[in-house]
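Here's the structure we're looking at; comments come further down.
Read-outs throughout are calculated quantities, based only on the coordinates presented, and are distinct from any laboratory measurement. All values reported here derive from a predicted model rather than from experimental measurement. Methodologically, a virtual Cβ is constructed for each residue, glycine included, from the backbone with ideal geometry; neighbour enumeration extends over all protein chains shown.
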Amino acid sequence: MFEANGLMVFYENMLALNNVSLACGNEQIIGVFGANSAGKSTLMYTLAGIMLDIRKKEQMAGGERITLRGEISFQGERVEDAKPSVRAKAGIILCPERRRIFPESSVLENLEIGSYLATREQAEETLEYVFEIFPALKAITRRLGGFLSGGEQQMLAIGRALMAQPKLLLLDEPLLGLSPAIQYLLAKSIKEIKEQRKTSVIVAEQYARPIMPIIDHGYILENGSAVVEGGRRELMDNPDVKNAYFGT
Ligand SMILES: Nc1ncnc2c1ncn2[C@@H]1O[C@H](COP(=O)(O)OP(=O)(O)OP(=O)(O)O)[C@@H](O)[C@H]1O
């Protein structure tokens, strides 16, 4: 369904992604685990196409030289040269790191902004679904995004991404800075979203414990390279992975 092969990203001479390949099947959850600066956001930006925009902006500003290599295909079509808007229309939707919700817009407005790719019927149906999976949001539809707790903001960011009708949802560190209880609640919701919306998910996280139980397959990213990959059980039983990513 989705496949990336030989992805390389250079910021000037600094290699941020080194020959990374990954695949995500229909209705699968793929985990990408890595420490700070391992290259998770660079990978998610590359998959969503945002890296093309960043490269263009840098070129126009005479800034750093960004070089991209590798192939990405989605539902049988090559998309590595497709703009992020084209990928989004095809169903590749990124929910970026640090939520990036609109702080001065209400919960409802934030969700409506997400529905720009949906028909009216889809938007209405998805809005109901978002309130079903995140009932906490239903009680605060008029509250401004900036006044929400971290957990509520993350629910809103995922809800907004759902409004865009994803076939492949890219979640960049959705658990960052949240309490363990909220982390487990969100991990459970991500699994339900996959099952109930028949969506594929690629989730990048630093701390594997809450996410590992919901993935089908995972990759460990270190200094821009995918150093280990395997099924859920295989990764959970790997002593190196345990030590590095299951710490307290
Ligand atoms: N625009 C940029 N110019 C130069 N170097 C960059 C740029 N963006 C990221 N990097 C570097 O590339 C490497 C990978 O960064 P990236 O943000 O992808 O990591 P990450 O795994 O998402 O980390 P974090 O958990 O801190 O978000 C880091 O060494 C980072 O400093």
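Observations on the structure shown:
- Within the chain, helix-based [θ] at 222 nm, where runs of 4 or more DSSP H residues each add -39,500 (n - 2.57), nearest 500: -11500 deg cm²/dmol
- With 0.36 nm allotted per residue and the present C-alpha distance subtracted, the Tyr116-Asn36 stretch has 25.5 nm of extension available.
- Taking every Cα-Cα distance in the chain and sorting them into 10 Å bins starting at zero, the pair-distance distribution P(r) comes out as 8, 32, 36, 21, 4 percent.
- Computed from phi, the 3J(HN,Hα) profile of the range 210-221 under the Karplus parametrisation 6.51, -1.76, 1.60 (θ = phi - 60°) reads x, 8, 3, x, 9, 8, 8, 8, x, 10, 10, 9 Hz, with x in place of Gly and Pro.
- Shape of the range 127-248, Cα gyration tensor, a/c cut at 1.5: prolate
- Computed E for Leu108/Asn238 - FRET, C-beta separation, R0 41 angstrom, nearest 0.05: 0.40
- Whichever aspartates and glutamates have a C-alpha closer than 15 Å to that of Lys138, once near sequence neighbours (fewer than 8 apart) are set aside: Glu109, Glu112, Glu124, Glu125, Glu128, Glu152
- Distance violations [Cα-Cα > 18 Å] among Lys56/Lys83; Lys57/Lys83; Lys167/Lys194; Lys89/Lys167; Lys40/Lys83: Lys40/Lys83
- Separation in nanometres of the label points that stand 7 Å from Cα toward Cβ, at Glu77 and Arg65: 3.3 nm
- Other residues lying with their Cβ under 14 Å from the Cβ of Gly6 contribute a combined charge of -1, Lys and Arg counting +1, Asp and Glu -1.
- The range 41-62 residues near the modelled Ala90 label - backbone nitrogen below 20 Å, point 7 Å along Cα→Cβ: 42-56
- Per the Debye formula on identical point scatterers at the alpha carbon atoms of the range 9-73, with no solvent, log10 I(q)/I(0) at q = 0.18, 0.21 Å⁻¹ is -0.72, -0.93.
- For Ser37, net neighbour charge (Lys/Arg +1, Asp/Glu -1) across residues whose Cβ lies under 13 Å away: -2
- Karplus-derived HN-Hα couplings along the range 80-92 (A = 6.51, B = -1.76, C = 1.60, θ = phi - 60°), whole Hz, x at Gly and Pro: 4, 9, 7, 5, x, 5, 5, 5, 4, 4, 6, x, 8
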